[in-house]
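Peer 1: Quick one: the structure is below, questions incoming.
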Amino acid sequence: MKTTKKMLLLAMLPVLATSCELLEEEPQEEKKVDNSTYTYSYTCPTGRKNTIQIPNRLSASCKANWEYFARTYGCNDADNFAEANRRKAQCP
């Protein structure tokens, strides 16, 4: 009887191995994210010039919001911090 069980197990081994391969999850396609940026340059009222990298993947309105945020904080325009935060919060 032991020999029969061993033979049956050996005969089923390729079937079991194949079924395990079928259960493995297929690799998912990687989502490509545009990580490119553009350089935004601005000049503060004090004359100081700054640049910052802003993502290209943003919509035109979000790019404008990020630029406003960068200029506001980069120039230390504390009177407009709340507005800059509000605008940037509208975007990813």
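The values are calculated or read from the model by the stated rules, or taken from the named source; none is laboratory data. Since we're looking at a predicted model, the values are computed, not measured. Glycine also receives a Cβ, built like all others from the backbone with ideal geometry; neighbour counts cover every protein chain displayed.
Peer 1: Is there a residue being under 30 Å from the mean Cα position of the chain (by Cα), at pLDDT 95 or above and of a type outside the set (Gly, Ala, Ser) anywhere in the range 10-23?
Peer 2: Checking the range 10-23: not a single residue is under 30 Å from the mean Cα position of the chain (by Cα), at pLDDT 95 or above and of a type outside the set (Gly, Ala, Ser).
Peer 1: Which one is surrounded by the fewest Cβ atoms within 10 Å (Cβ to Cβ) among residues in the range 22-81 that are touching a Ser or Thr at 6+ places or on another chain (Cβ under 8 Å) and in a helix (DSSP H, G or I)?
Peer 2: Ranking the qualifying residues of the range 22-81, first place goes to PHE81.
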